[in-house]
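Note sheet for the following structure.
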Amino acid sequence: MAAPAESIVHGSQATLRQLPSVDRLLRLPAGRALIEQHGHTLVARQCRDLLEQLRQQVSAGLDVAQLEEPALLEALRARCVQALASPFKRVINLTGTVIHTNLGRALLADEAIAQVVALMTGPNNLEFDLHSGARGDRDSLVEPLLCRLTGAEAATVVNNNAAAVLLTLAALARGKQVIVSRGELVEIGGAFRMPDVMRGAGARLVEVGTTNATHLADYERAISERTALIMKVHTSNYAIEGFTSSVGERELAALAQASNLLLACDLGSGSLVDLSKYGLPREPLAADMIGIGCDVVTFSGDKLLGGPQAGLIVGTRKVIDRIRANPLKRALRISKLPLAVLEATLRLYLEPEKLAQRLPTLRLMCRTQSAIRAVAEQVCEPTRRALAPRYTVQVVDMASQIGSGSLPVDRLPSAGLRIAPPLPRRKGAGAALNELAAALRALPEPVIGRISDDALNLDVRCLEDPSRLLSQLPALARTLAA
Ligand SMILES: *Cc1c(COP(=O)(O)O)cnc(C)c1O
């Protein structure tokens with residue numbers, strides 16, 4: 001039981017005796033309302049935790065006002081809300097990198113989301129052949145589209161491209177040798193290193209050439225009766241510049257064929273349309289690699305393709321059949337959710353004239369600098385008002401990146417806000433920038449920018465709806481004032 005009301009003296013130190021019981025709090029009208037809303041389990045648990053926390057604070061000296069019942073019930077309500085908040089949040093990507101690996105990579109098309117909702121709220125024909133009524137194969141839902149879009153004879157899909165490479169190597173080269181140029185032994189995202197994947201697949205890596213130069217003769221010399229595969233890896237997240245030499249897929253395809261070997265190509269960020277048609281730097285297409293004579297090509301679903309996390313494997317019927325038959329295929333298979341997204345996304349490619357509008361990643365990459373600058377102008381003044389006088393805000397030209405290992409050296413002309421303390425070189429300016437970046441990250445829809453050149457830069461290329469930023473400026477101002 002709580003202490004009688006007369007004994008509570010405002011402004012004085014609380015004592016343990018004044019803490020009410022869980023039962024008492026939950027029987028009060030506000031407590032009952034919380035239970036009505038969330039059920040007894042969550043509310044009782046939060047109530048016990050709250051009282052335990054207060055018990056410890058009481059011994060450290062706590063104002064008695066915090067033990068009044070309305071204050072306790074408000075604290076309990078806030079705890080329930082907090083306990084139910086998801087740590088997984090939609091954020092606003094103003095980093096200037098369109099396909100940002102840490103921010104979920106490709107944004108999905110409305111058509112793809114609609115298909116997920118339509119298919120996942122009921123049973124579907126994931127592995128059921130509606131024609132024969134017999135068991136079906138999930139690959140068959142996307143294989144015809146992938147073949148049509150890449151010119152390949154056959155296709156299969158797994159969980160991501162790392163899995164696609166692992167499975168391809170395991171199926172085609174376990175216990176055998178795979179020849180790769182030293183200039184292509186890539187590491188992606190800190191955990192995917194070609195030599196390690198090779199080992200994981202039970203294949204032996206034979207490195208040829210040097211970091212900057214590999215010649216056809218290097219490959220030729222490395223071929224032996226133990227060789228299964230020549231592998232070409234697209235060096236997607238870096239570029240070797242200066243004196244370089246590498247052997248193209250066309251020459252390697254001829255060599256592989258003459259030597260009775262297979263040629264595999266890990267494209268990484270395989271594009272399905274010629275990006276130069278949209279005024280963007282050209283990336284190699286999966287169709288190019290198939291046309292040139294690669295036996296198998298692997299690429300990601302959530303990089304330039306603009307779909308879900310997935311690993312796409314296209315190639316000759318014979319090779320794809322071997323890959324499908326490998327037991328790892330079952331372990332690495334794609335789940336129905338991304339498969340539904342992938343199928344709907346691939347279907348968008350059948351109407352290429354509409355693609356730049358429908359595929360968010362492509363739409364963002366195609367945004368003109370003047371359109372981006374207009375957004376920057378629109379958000380500049382309100383942002384300036386919210387941050388004055390601690391920070392200055394100006395519209396400046398910027399350079400966006402495509403990201404996720406695509407086109408590592410190309411930049412897209414962009415614009416955004418450059419935010420800095422009035423004296424950016426003064427001591428404490430760095431701390432002020434970090435404080436601002438933290439306040440932006442703490443918003444209900446966190447805003448992620450990039451600190452460089454003594455400023456916090458917000459590239460607004462990916463800000464399609466400025467109100468998402470504008471509506472949060474009052475909250476930002478409050479956080480910074482606190
Ligand atoms: C990104 C990338 C991968 C890994 O693809 P995920 O879909 O992220 O698993 C593998 N190889 C290359 C060349 C890549 O660029």
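The values are calculated or read from the model by the stated rules, or taken from the named source; none is laboratory data. All values reported here derive from a predicted model rather than from experimental measurement. As a convention, Cβ positions derive from the backbone with ideal geometry for all residues, glycine included, and neighbour counts pool all protein chains shown.
If I ask for residues that are part of a loop (DSSP other than H, G, I, E, B) and either of a type outside the set (V, I, T) or away from the ligand (no atom under 16 Å from the Cβ) (or both), which ones from the range 374-404 would you list? A388, P389, R390, Y391, S404 - these are the residues of the range 374-404 that are part of a loop (DSSP other than H, G, I, E, B) and either of a type outside the set (V, I, T) or away from the ligand (no atom under 16 Å from the Cβ) (or both). Selection over the range 198-220 of residues that are surrounded by fewer than 19 Cβ atoms within 10 Å (Cβ to Cβ) and part of a helix (DSSP H, G or I) gives a count of 6.
For (1) among the basic types (K, R); (2) in contact with a strand residue (DSSP E or B) (Cβ under 8 Å, 6 or more places away or on another chain); (3) farther than 23 Å from L328 by Cα; (4) within 16 Å of the ligand (Cβ to nearest atom), each residue gets a yes or a no:
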position: D129; (1), (2), (3), (4): no, yes, yes, no
position: G136; (1), (2), (3), (4): no, yes, no, no
position: E143; (1), (2), (3), (4): no, yes, no, no
position: N160; (1), (2), (3), (4): no, yes, no, yes
position: T168; (1), (2), (3), (4): no, yes, no, yes
position: Q177; (1), (2), (3), (4): no, yes, no, no
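Within the option set A254, A287, being more than 14 Å from the ligand (Cβ to nearest atom), over 31 Å from the mean Cα position of the chain (by Cα) and either within 28 Å of T368 (Cβ to Cβ) or not in a loop (DSSP other than H, G, I, E, B) (or both) holds for one residue only, A254. Among the residues making up the range 54-63, those that are under 42 Å from the mean Cα position of the chain (by Cα) and surrounded by 12 or more Cβ atoms within 10 Å (Cβ to Cβ) are L54, Q57. Being closer than 16 Å to S245 by Cβ and buried (at least 20 other Cβ atoms within 10 Å of the Cβ) is the filter here, so list the residues in the range 167-183 that pass it. Matches in the range 167-183: V180, S181, G183. Quick check: is even one residue across the range 258-274 out of contact with any strand residue (DSSP E or B) (no Cβ under 9 Å at 6 or more places or on another chain) and surrounded by fewer than 23 Cβ atoms within 10 Å (Cβ to Cβ)? Yes: one or more hits.
Table: residues versus (1) at positive phi; (2) away from the ligand (no atom under 15 Å from the Cβ); (3) buried (at least 24 other Cβ atoms within 10 Å of the Cβ).
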site: G293; (1), (2), (3): yes, yes, no
site: V296; (1), (2), (3): no, no, yes
site: K303; (1), (2), (3): no, no, yes
site: G307; (1), (2), (3): no, no, yes
site: I313; (1), (2), (3): no, no, yes
site: P327; (1), (2), (3): no, yes, no
site: R333; (1), (2), (3): no, no, no
site: T345; (1), (2), (3): no, no, yes
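Criterion applied to L339, L355, L364, L350 was being assigned to a loop (DSSP other than H, G, I, E, B) and within 30 Å of L149 (Cα to Cα), and the one residue passing it is L350.
Within the range 286-304, the set of residues being touching a Lys or Arg at 6+ places or on another chain (Cβ under 9 Å) and β-branched (V, I, T) comprises I292 only.
Restricting attention to the range 79-109, the residues that are among the hydroxyl-bearing types (S, T, Y) and under 26 Å from V395 (Cα atoms) total 2.
Filtered by the rule that a residue be among the aliphatic types (A, V, I, L, M), modelled with pLDDT of 95 or more and in contact with a helix residue (DSSP H, G or I) (Cβ under 7 Å, 6 or more places away or on another chain), the range 217-243 gives A228, L229, I230. The set of residues from the range 22-41 being of a type in the set (D, E) and surrounded by 11 or more Cβ atoms within 10 Å (Cβ to Cβ) comprises just one member, D23. Residue count for the range 179-190, restricted to those that are within 12 Å of the ligand (Cβ to nearest atom) and either under 15 Å from R204 (Cβ atoms) or in a loop (DSSP other than H, G, I, E, B) (or both): 5.
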